[in-house]
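One structure below.
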Amino acid sequence: MKRLYNEYEMLLKAKREKYAVGAFNFSSIEIMRAIVDGATEARSPVILALSEGGLKYAEPHYIKHIVNGVLEMTDAPVALHLDHGKDFEIVRSVIDLGFNSVMIDGSSLPYDDNVALTKKVVDYAHKKGVVVEGELGVLAGVEDDVSSDIHRYTDPEQAVDFVNKTGVDSLAIAIGTSHGAYKFSGEPKLELDILRNINDLMPNLPLVLHGASSVPQYLVETINQFGGDVSGARGVPEKLIAEACANGISKVNCDTDLRMVFTATIRKFLVENPTVFDPRKYLQACKDAMREFVIDKMTNVLCSAGKM
Ligand code: G3H
Ligand code: 13P
Ligand code: ZN
């Protein structure tokens, strides 16, 4: 891939300067363009993230060429990252495609198996100049085929042992967030003491917050108003994300938010413009809305705007 930026260096700079880099999931050209155009305009570093499901949907061969094309159009620092890789084979295949960052997610495995799998990936990836994110602790909610009803917060002492044994470049931790659009039934709360404890023990290790979409209520209302039903959808309040960033989180993962922006925009557009059937019209509206959302997130929540 042309001029991909080293994600570890990106995250170390963020950690030192107490902001976070957004890792935005994509699965279509519109979403990818919105993310990269947003970063370019905000003068922000950014991580383009693909889950295994996203990769299958977008198709690996196309991804390689489309990402290359997009990279020619921006001067923002961009890393290309596999999100929640579940086994060695998927890691190997995306490294062959040109990804320069991978996550190996062994968080649902017994501890020793998570260590062994993660170390195997690190040994392989590092030889190829690719950086690795591991995960310890369990987020409630659904990740691809794996789901859990309960959180298992990351144990700080175990996190140190995990990093020492595996050599990961960054660590995803569980402090109370969950994937998807229904994150909290009661008062939103993050275990910031656990985060601070892990950060104190490993002050130079980039820490990652998954399940960090904020699910703004205006999007929930728009979707519901224009024929959808996502009642009860609730994310992590932006204030809590900003607090997590100030306490050691330097990569913030966001997928659900852009899905909500896309869905709210397309529902509203089609209802308000019943005669339109040219996809360029409503996809343009979606792309613009997602780009503005990305810029706002980088500027007002992650504080990565202007940091390129
Ligand atoms: O972390 C999970 C991401 O939101 C990926 O979701 O597996 O539906 O693409 P997906
Ligand atoms: P959200 O579902 O909160 O957007 O989280 C996405 C994520 O963690 C991707 O790895
Ligand atoms: Zn995740």
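Just to be sure I understand, how many residues within segment 227-243 are in contact with a strand residue (DSSP E or B) (Cβ under 8 Å, 6 or more places away or on another chain) and either crowded, with 23+ Cβ neighbours inside 10 Å or without any contact (Cβ under 8 Å) to a residue 40 or more places away in the chain (or both)? It would help to see each step written out before you state the result.
Residues of segment 227-243 in contact with a strand residue (DSSP E or B) (Cβ under 8 Å, 6 or more places away or on another chain): 232-234, 241.
Next cut, either crowded, with 23+ Cβ neighbours inside 10 Å or without any contact (Cβ under 8 Å) to a residue 40 or more places away in the chain (or both) only: 241.
Of the residues in that region, 1 qualify.
Please specify each residue of segment 19-38 satisfying the condition of being aliphatic (A, V, I, L, M), under 18 Å from residue 72 (Cβ atoms) and open to solvent by less than 10 Å² (accessible area, probe 1.4 Å). Break it down stepwise before answering.
Initially, segment 19-38 is screened for residues aliphatic (A, V, I, L, M), giving 20-21, 23, 29, 31-32, 34-36.
So of that shortlist, the ones also under 18 Å from residue 72 (Cβ atoms) come out as 29, 32, 34-36.
Across segment 19-38, the qualifying residues are 32, 34, 35, 36.
Give me the pairs, please: first residue somewhere in segment 265-289 and surrounded by fewer than 17 Cβ atoms within 10 Å (Cβ to Cβ), second residue anywhere and of a type in the set (Asp, Glu) and in a helix (DSSP H, G or I), beta-carbon distance under 9 Å, and either six or more positions apart or on two chains.
284/30
Can you find even one residue in segment 216-226 that is crowded, with 23+ Cβ neighbours inside 10 Å and within 16 Å of ligand 3 (Cβ to nearest atom)?
No; the residues of segment 216-226 include none that is crowded, with 23+ Cβ neighbours inside 10 Å and within 16 Å of ligand 3 (Cβ to nearest atom).
Output the number of residues of segment 105-141 satisfying the condition of being touching a residue at least 40 places away in the same chain (Cβ under 8 Å) and closer than 30 Å to residue 234 by Cβ.
Matching residues across segment 105-141 total 8.
Residue 54 is checked against (1) within 16 Å of ligand 1 (Cβ to nearest atom); (2) open to solvent by 50 Å² or more (accessible area, probe 1.4 Å); (3) not aliphatic (A, V, I, L, M) and fails just one. What number does that condition carry?
(2)
Looking at residue 86, is it touching a residue at least 12 places away in the same chain (Cβ under 8 Å), of a type in the set (Lys, Arg), open to solvent by 20 Å² or more (accessible area, probe 1.4 Å) and within 16 Å of ligand 2 (Cβ to nearest atom)?
On the way: touching a residue at least 12 places away in the same chain (Cβ under 8 Å): yes; of a type in the set (Lys, Arg): yes; open to solvent by 20 Å² or more (accessible area, probe 1.4 Å): yes; within 16 Å of ligand 2 (Cβ to nearest atom): yes.
For residue 86, the condition - touching a residue at least 12 places away in the same chain (Cβ under 8 Å), of a type in the set (Lys, Arg), open to solvent by 20 Å² or more (accessible area, probe 1.4 Å) and within 16 Å of ligand 2 (Cβ to nearest atom) - is met.
Which condition number does residue 233 fail, the rest of (1) away from ligand 2 (no atom under 13 Å from the Cβ); (2) closer than 23 Å to residue 296 by Cβ being met?
Unmet for residue 233, out of (1) away from ligand 2 (no atom under 13 Å from the Cβ); (2) closer than 23 Å to residue 296 by Cβ: (1).
If you check residue 190 against the conditions, is it of a type in the set (A, V, I, L, M, F, W, C) and surrounded by 14 or more Cβ atoms within 10 Å (Cβ to Cβ)?
Working: of a type in the set (A, V, I, L, M, F, W, C): yes; surrounded by 14 or more Cβ atoms within 10 Å (Cβ to Cβ): yes.
The answer is yes for residue 190.
Among the residues of segment 18-29, is any part of a helix (DSSP H, G or I) and closer than 20 Å to residue 266 by Cα?
At the first step, the residues of segment 18-29 found to be part of a helix (DSSP H, G or I) are 29.
Okay, now just the ones that are also closer than 20 Å to residue 266 by Cα, so 29.
Looking for residues that are part of a helix (DSSP H, G or I) and closer than 20 Å to residue 266 by Cα, one finds at least one in segment 18-29, hence yes.
Taking the condition of a type outside the set (Lys, Arg) and either open to solvent by 20 Å² or more (accessible area, probe 1.4 Å) or closer than 26 Å to residue 131 by Cβ (or both), does residue 160 pass? Walk me through it before giving the result.
Details: of a type outside the set (Lys, Arg): yes; either open to solvent by 20 Å² or more (accessible area, probe 1.4 Å) or closer than 26 Å to residue 131 by Cβ (or both): yes.
The answer is yes for residue 160.
Determine whether residue 94 is farther than 30 Å from residue 246 by Cβ, touching a Leu at 6+ places or on another chain (Cβ under 9 Å), open to solvent by less than 20 Å² (accessible area, probe 1.4 Å) and not polar (S, T, N, Q).
Working: farther than 30 Å from residue 246 by Cβ: yes; touching a Leu at 6+ places or on another chain (Cβ under 9 Å): yes; open to solvent by less than 20 Å² (accessible area, probe 1.4 Å): yes; not polar (S, T, N, Q): yes.
So residue 94 passes the test.
The values are calculated or read from the model by the stated rules, or taken from the named source; none is laboratory data. As the structure is a computational prediction, the values presented were derived from the model and not from experiment. Virtual Cβ from ideal backbone geometry, glycine too; neighbours counted across all protein chains shown. For the accessible areas, the whole protein counts, side chains as well, though only heavy atoms, and no ligand, DNA or RNA atoms are used. Shrake-Rupley method; radii C 1.70, N 1.55, O 1.52, S 1.80 Å.
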